[in-house]
Amino acid sequence: MQFIDLKKQYIQLKAEIDESIQSVLNTSNFIMGQEVKTLEAKLAEYVGTKYCVTCGNGTDALFLALKAYDIKPGDAVFVPTFTFYATSEAISACGATPIFIDVCKDTFNISHEDLEKAIINIIEENKLKPKAVIAVDLFGLPYNHRDVSGIASKYNLLLIEDGAQGFGGSIDGKRACSFGDISTTSFFPAKPLGCYGDGGAVFTNEERVKMYLESLRVHGKGIDNYDNVRVGMNSRLDTLQAAILLIKLKAFQEYELKARNEIADIYSDNLRDFVRGPYIPKGYTSSYAQYSILFDSEEQRNRVQLVLKELEIPTMIYYRKSMHQQTVYRNNASIYRGFPNAESISKTILSLPMHPYLENEEIGKICSIIKENL
Ligand SMILES: *Cc1c(COP(=O)(O)O)cnc(C)c1O
């Protein structure tokens, strides 16, 4: 069994994907070909923003978003401690300081209460300028947009949504990657919408920001690629990846997202009385980048994971270490704040195999093993 079965997906979509790749080979327009522009239009339409600017990966997408709003040394950027390193790495790469925030016990997403405490703290200390919040849609569930955006406006902070895992999720019918002043996603193969290598995108409603991003991703270009007006970077989505994503986006919209949710429901129906499954607030939908459960104790989690492993069922622990526990942040100004929820989740969480091609029989087997070994 695979944790995420990309091969099964490829076999399902092979004819269309092969044809799409071949057509790029035929035109040989490998950089910024027509497929990139077509994909950007389709992604913006799906998400519900005016513009989408694709780029090299989800980490660059965050870096570009921060750069577009001139985040720099001396700035404080608030970020949940329970996330993938790239979220805070992008802040550090801009020279700004990530300020870590605890997450909610139930959603695993940023706690707006802890966020406000940390903002007040930074204002009182008067060393760093509070500038932005990056809220993460962890495991596919959109973050609590209403409360977090309320706080961001109250303290006049830029709100960035890291939708690397959230693409496809929604709140009251509005799609993830539209819940920030600027939002980002990743097309890393294991994400809900993945390509066959690295890829990413930034979403915005502002034309000025879109133009700026288009310049930044091509060496700070001005009127053309050989007119350089600012320090940018080289971060474009390959035409080949765009061609693959065009096919995969169609499958995602037509049935994959639905299949992910059906699989999550089967897991939940089976496991409800035994372990704590994902909590999806009313009006929210998840794209289930991960299906994660919580055990009663670390010992129980580790034991069940080992049994599953012995039976060749792969599982993952996302995330064993939060940002405040990472060596790279041993001197960070905010690591002493205390993050009880993140630390407790790390010890008891386990992510189960999750992809749209998982079969009922496989889910049944996984659930039985878990139940029999608690
Ligand atoms: C994967 C991921 C990223 C980075 O995306 P890449 O395309 O791998 O650079 C950023 N944030 C989160 C939450 C992620 O899961």
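The values are calculated or read from the model by the stated rules, or taken from the named source; none is laboratory data. It should be emphasised that the depicted structure is a prediction, and the values quoted were computed from it without experimental measurement. Cβ coordinates were reconstructed from backbone atoms using ideal geometry, including for glycine residues, and neighbour counts include every protein chain displayed.
A Cβ distance below 7 Å, combined with a sequence gap of six or more or placement on separate chains, defines the contacts here; from the range 165-183, residues that are charged (D, E, K, R) reach residues that are away from the ligand (no atom under 14 Å from the Cβ) in the pairs 172/283; 174/48; 175/46; 175/47; 175/48; 181/158; 181/159. Against the list (1) within 12 Å of the ligand (Cβ to nearest atom); (2) more than 9 Å from the chain's Cα centre (by Cα); (3) within 16 Å of residue 247 (Cα to Cα), the condition residue 191 fails is (2). Can you find, within the range 194-227, the residue that is farthest from the ligand (Cβ to nearest atom) among those that are touching a residue at least 24 places away in the same chain (Cβ under 8 Å) and among the hydroxyl-bearing types (Ser, Thr, Tyr)? If we take residues in the range 194-227 being touching a residue at least 24 places away in the same chain (Cβ under 8 Å) and among the hydroxyl-bearing types (Ser, Thr, Tyr), then 212 is farthest from the ligand (Cβ to nearest atom). When residue 23 is tested against the conditions (1) part of a helix (DSSP H, G or I); (2) among the hydroxyl-bearing types (Ser, Thr, Tyr); (3) under 23 Å from residue 177 (Cβ atoms), the lone failure is (3). When restricted to residues that are surrounded by fewer than 14 Cβ atoms within 10 Å (Cβ to Cβ) and within 20 Å of the chain's Cα centre (by Cα), the range 284-321 contains 1.
Under 6 Å by Cβ, and 6 or more places apart or on different chains, what pairs join a residue from the range 39-52 that is under 14 Å from residue 211 (Cβ atoms) with one that is modelled with pLDDT of 95 or more and in a helix (DSSP H, G or I)? Matching pairs, first to second residue: 51/44; 51/210; 52/40; 52/43; 52/44. Against the definition (in contact (Cβ under 8 Å) with a residue 60 or more places away in the chain and of a type in the set (Asp, Glu)), how does residue 312 come out, yes or no? In short, yes.
Take residue 273 and decide whether it is over 28 Å from residue 18 (Cβ atoms) and either under 17 Å from the mean Cα position of the chain (by Cα) or not in a loop (DSSP other than H, G, I, E, B) (or both). Walk me through it before giving the result.
Details: over 28 Å from residue 18 (Cβ atoms): yes; either under 17 Å from the mean Cα position of the chain (by Cα) or not in a loop (DSSP other than H, G, I, E, B) (or both): no.
So residue 273 fails the test.
For the range 76-93, a tally of residues being away from the ligand (no atom under 12 Å from the Cβ) and either closer than 20 Å to residue 191 by Cα or surrounded by 22 or more Cβ atoms within 10 Å (Cβ to Cβ) (or both) returns 4. Look through the range 107-128, keep the residues that are surrounded by 15 or more Cβ atoms within 10 Å (Cβ to Cβ) and either of a type in the set (A, V, I, L, M) or more than 18 Å from residue 338 (Cα to Cα) (or both), and return whichever of them is nearest to the ligand (Cβ to nearest atom). Here the answer is 110. All conditions but one from (1) of a type in the set (Asp, Glu); (2) closer than 19 Å to residue 62 by Cβ; (3) modelled with pLDDT under 95 apply to residue 224; the one that does not is (2).
Yes or no: the range 151-163 includes at least one residue that is on the phi > 0 side of the Ramachandran plot and more than 12 Å from the ligand (Cβ to nearest atom). Break it down into steps so the answer makes sense when it comes.
Within the range 151-163, the first condition is being on the phi > 0 side of the Ramachandran plot, and the residues that meet it are 156.
From what is left, the residues that are more than 12 Å from the ligand (Cβ to nearest atom) are 156.
Looking for residues that are on the phi > 0 side of the Ramachandran plot and more than 12 Å from the ligand (Cβ to nearest atom), one finds at least one in the range 151-163, hence yes.
Set side by side, the residues 81, 107, 97 differ, and just one is among the polar types (S, T, N, Q) and in contact with a His (Cβ under 9 Å, 6 or more places away or on another chain), which is 81.
Looking at 86, 93, 135 in this structure, which one is touching a Phe, Trp or Tyr at 6+ places or on another chain (Cβ under 6 Å) and touching a residue at least 40 places away in the same chain (Cβ under 8 Å)?
Of the residues listed, the single one that is touching a Phe, Trp or Tyr at 6+ places or on another chain (Cβ under 6 Å) and touching a residue at least 40 places away in the same chain (Cβ under 8 Å) is 135.
Of all residues being among the β-branched types (Val, Ile, Thr) and within 12 Å of the ligand (Cβ to nearest atom) in the range 164-188, which is nearest to the chain's Cα centre (by Cα)? Just the residue, please. The qualifying residue nearest to the chain's Cα centre (by Cα) is 185.
Being more than 20 Å from the chain's Cα centre (by Cα) and either surrounded by 19 or more Cβ atoms within 10 Å (Cβ to Cβ) or not polar (S, T, N, Q) (or both) is the filter here; which residues of the range 344-367 pass it? Full working, then the answer.
From the range 344-367, those more than 20 Å from the chain's Cα centre (by Cα) are 344, 347-348, 357-367; that's our starting set.
Hits for the range 344-367 are 347, 348, 357, 358, 359, 361, 362, 363, 364, 365, 366, 367.
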